[in-house]
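Everything on this sheet refers to the single structure shown next.
All of the numbers you see were taken from the coordinates with simple rules; none came from a lab. Model, not experiment: these values are computed from the prediction. Reconstructed Cβ throughout: ideal geometry from the backbone, glycine too, with neighbour counts over all protein chains shown.
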Amino acid sequence: MRLTSLILAFTAGAILNLADIDPARADAIDGDWCSKDGRLMSITHTHIVMPDEKQIRGLYDRHAYTYRVPDEEEGAGSKVFMILANPKTIHLWRDEASAKAQKPPAEVWHRCSAHVS
């Protein structure tokens, strides 16, 4: 029985590795996210580093993140809503009504590929 458990654990790890999924973050919004136009943002629990490298705090849920646009930016005071669509994709909306209705997202971000140095 113990050998079977070890084989299952090894197989699951190998599959996650081949699929390029970080098992610690596979079902969490935490991590580095890239846009099609080359922007980067990084979410770590309640902190987010924006594409302009500004760090702000927001409301964190394992599968969602919400923040208020800072005063000095376009859309100041409005809320941005992000939901983890799958382990490698975030859907982002710039208004609550669209987010709640799950309308097509304003932006789609993908988990950044791991860089090898």
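Tabulated values for the structure
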quantity	calculated
Fewest-first sequence of T44, T66 by Cβ atoms within 10 Å of each Cβ	T44, T66
Average projected area [Cα convex hull, region 27-111], square nanometres	5.0
Cα-derived Rg over Rh, computed across region 67-108 with Rh taken as Kirkwood radius	1.01
Neighbour-count ranking [beta-carbon atoms within 10 angstrom, fewest first] of M50, M82, M41	M50, M41, M82
